[in-house]
Amino acid sequence: MGKSLLDKVWDAHTVRELPAGQTQLFIGLHLIHEVTSPQAFQMLREQGLKVAFPDRTIATVDHIIPTDTEARPFADEQAEGMMSAIERNCREFGIRFLDRSSGQQGIVHVIGPELGLTQPGITIACGDSHTSTHGAFGAVAFGIGTSQVRDVLASQCLALQRPKVRRIIVDGTLAAGVYAKDVILHIIRSLGVKGGVGLAYEYGGGVFDRMTMEERMTVCNMSIEGGARCGYVNPDQRTFDYLRGREFVPKGDAFERGVAWWRSMASDDDAAYLDVVRLDGSRIAPTVTWGINPGQAIGVDERIPTPDSFSADDREVAEDAYGYMDLKPGAPIKGTRIDVAFIGSCTNGRLSDLREAAKVAKLGKVKPHVKALVVPGSQAVAKAAEAEGLPEIFKAAGFEWRLPGCSMCLAMNPDKLSGRQVCASSSNRNFKGRQGSPSGRTLLMSPAMVAAAAIEGAVADVREMLKALKAGC
Ligand code: SF4
């Protein structure tokens with residue numbers, strides 16, 4: 001029996017098996033940001049420890065950074081405190097800090113791949129749940145908590161349980177207007193938000209084979225929302241083509257040797273899996289969440305499920321969602337009025353996301369009652385988008401074009417919902433209060449669907465708008 005990529009990477013990074021059944025795993029790359037690192041550095045100081053591998057540690061600022069100004073100090077004192085702390089910590093412990101002056105700042109899961117830090121066959125950790133993003137390259141990547149950030153800083157190791165692997169095959173052809181975001185929302189809807197607990201998701205099949213690296217990142221990013229510990233796609237020629245020439249990627253002969261090793265880390269044809277799930281990509285519609293977790297999702301042309309369609313456990317969560325979202329069972333999701341449209345985040349704040357949204361933005365104007373934001377995932381994304389004239393398209397349609405950061409994904413900066421506002425969002429979590437207002441409501445969807453909702457002032461079917469585009473209307 002062959003081995004999966006997860007098992008190969010795990011074995012290659014095992015320092016030792018621990019008595020409690022966990023593995024002490026070496027971490028190839030540690031990405032840090034301003035929110036989950038200050039206490040970790042403080043713990044190092046208190047114990048008189050150094051950072052074990054500063055050259056395997058890279059810092060950026062993303063969660064708290066304002067997107068409407070570069071001015072310092074930040075108006076929010078707590079945010080300014082976190083910024084000052086990461087500046088001081090990086091200086092003191094010899095860590096490269098990618099702040100705005102570097103030209104390489106951005107959301108931690110956007111800049112890792114952009115710079116070529118994220119590579120196949122390595123282990124990656126970061127104090128953010130959506131570290132699973134990096135699995136798009138065939139890395140095994142975990143989101144960790146603050147005490148684990150301390151552990152990695154001090155030892156470059158983590159004590160972890162080896163996950164079992166579920167292979168998820170999506171074949172068929174995606175229809176026009178159906179994107180990577182719809183695929184992962186459909187997977188989570190099908191397998192549940194707890195379906196992946198204790199597992200790694202390996203994505204395979206024609207739909208993933210044909211996806212760009214940015215699309216694969218969108219899928220892997222949300223593995224965690226399906227309960228999986230991590231998610232990955234086996235590295236292939238698309239992966240190597242994406243990596244070639246990036247700052248941290250080996251050059252010349254070393255690149256060719258890297259490709260040979262990266263290829264060898266892909267799952268064997270006869271790898272053993274816990275199970276294999278098959279889904280038909282041609283049946284996936286543009287997908288929208290209606291509830292308070294990413295599994296409460298439906299096709300845009302479907303109606304909000306009725307209580308009798310749920311198991312007893314799920315019915316309780318559904319009842320909670322109906323009340324919180326103020327949506328009626330059996331009502332269509334299409335036409336649900338929105339107040340805010342947010343395009344950005346580590347799920348969908350990359351250049352290809354902005355390009356797809358801009359195609360839709362060209363078709364109309366943001367409705368007057370909607371506040372619409374476009375927040376690029378990084379300074380590099382912003383620069384590339386500006387070179388293509390995307391900000392002008394968005395601004396002409398009535399969107400605000402902002403500076404890079406996490407923005408309204410988690411709303412730790414000034415970009416927040418207020419009161420009961422409803423937000424069409426390209427981010428990854430629709431939990432209660434996620435976007436800054438304790439009673440704010442989030443509808444997750446693809447960036448193109450967010451642009452369509454901004455123009456209609458309500459949830460819309462982007463396929464209909466794209467048809468009009470094709471017909472030249
Ligand atoms: S965009 Fe959202 S999920 Fe991604 S790193 Fe920022 S806060 Fe976390």
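The values are calculated or read from the model by the stated rules, or taken from the named source; none is laboratory data. Values in this document were obtained by computation on a predicted structure and should not be read as measured data. Cβ coordinates were reconstructed from backbone atoms using ideal geometry, including for glycine residues, and neighbour counts include every protein chain displayed. What goes into the accessible areas is simple: the full protein's heavy atoms, side chains included, and nothing from ligands, DNA or RNA. Shrake-Rupley method; radii C 1.70, N 1.55, O 1.52, S 1.80 Å.
Within the stretch 364-381, the set of residues being away from the ligand (no atom under 16 Å from the Cβ) and open to solvent by less than 60 Å² (accessible area, probe 1.4 Å) comprises GLY364, VAL366, VAL370, ALA372. Determine, yes or no, whether VAL140 is closer than 23 Å to MET265 by Cβ, of a type in the set (Val, Ile, Thr), at pLDDT 95 or above and touching an Asp or Glu at 6+ places or on another chain (Cβ under 8 Å). Considered against the rule, which asks whether it is closer than 23 Å to MET265 by Cβ, of a type in the set (Val, Ile, Thr), at pLDDT 95 or above and touching an Asp or Glu at 6+ places or on another chain (Cβ under 8 Å), VAL140 comes out as no. Once the stretch 129-147 is narrowed to residues that are within 16 Å of the ligand (Cβ to nearest atom) and under 17 Å from ARG56 (Cβ atoms), the residue that is surrounded by the fewest Cβ atoms within 10 Å (Cβ to Cβ) is ILE144. Checked against the criterion of being outside any loop (DSSP other than H, G, I, E, B), open to solvent by 20 Å² or more (accessible area, probe 1.4 Å) and in contact with a Leu (Cβ under 8 Å, 6 or more places away or on another chain), the candidates ALA424, ALA384 yield just one match: ALA384.
Each row is one residue, and each column tells you yes or no for (1) open to solvent by 20 Å² or more (accessible area, probe 1.4 Å); (2) assigned by TED's automatic domain parsing to the domain that holds ALA452; (3) on the phi < 0 side of the Ramachandran plot.
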| residue | (1), (2), (3) |
| --- | --- |
| GLY258 | no, no, yes |
| ALA272 | yes, no, yes |
| GLY281 | no, no, yes |
| ILE298 | no, yes, yes |
| ARG303 | yes, yes, yes |
| PHE310 | yes, yes, yes |
| LEU327 | yes, yes, yes |
| ALA341 | no, yes, yes |
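Among the residues of the stretch 52-72, those that are surrounded by 13 or more Cβ atoms within 10 Å (Cβ to Cβ) and either closer than 12 Å to ASP415 by Cβ or among the polar types (S, T, N, Q) (or both) comprise THR57, THR60, HIS63, ILE64, ILE65, PRO66, THR67, ASP68. I need the full set of residues from the stretch 196-213 which are aromatic (Phe, Trp, Tyr) and either out of contact with any Gly (no Cβ under 7 Å at 6 or more places or on another chain) or open to solvent by 10 Å² or more (accessible area, probe 1.4 Å) (or both), in order please. Listed by number, the list holds a single entry, PHE208.
Scanning for something within 16 Å of the ligand (Cβ to nearest atom) and either in a strand (DSSP E or B) or touching a Ser or Thr at 6+ places or on another chain (Cβ under 6 Å) (or both), does the stretch 394-401 turn up at least one residue? There is no residue in the stretch 394-401 that is within 16 Å of the ligand (Cβ to nearest atom) and either in a strand (DSSP E or B) or touching a Ser or Thr at 6+ places or on another chain (Cβ under 6 Å) (or both). ILE188 meets each of the listed conditions (1) buried (at least 23 other Cβ atoms within 10 Å of the Cβ); (2) more than 16 Å from the ligand (Cβ to nearest atom) apart from (2).
Restricting GLY81, GLY21, GLY48 to residues that are open to solvent by 50 Å² or more (accessible area, probe 1.4 Å), away from the ligand (no atom under 16 Å from the Cβ) and among the small types (Gly, Ala, Ser) narrows the list to GLY48. The residue that is farthest from the ligand (Cβ to nearest atom), counting only those in the stretch 148-177 that are part of a helix (DSSP H, G or I) and open to solvent by less than 10 Å² (accessible area, probe 1.4 Å), is LEU153. Of the residues in the stretch 440-455, not one is away from the ligand (no atom under 15 Å from the Cβ) and open to solvent by 40 Å² or more (accessible area, probe 1.4 Å). Within the stretch 395-423, residues that are on the phi > 0 side of the Ramachandran plot and assigned by TED's automatic domain parsing to the domain that holds ALA341 sit with their Cβ atoms under 6 Å from residues that are surrounded by fewer than 21 Cβ atoms within 10 Å (Cβ to Cβ) and not small (Gly, Ala, Ser), at 6+ positions apart or across chains, in these pairs: GLY398/LYS365.
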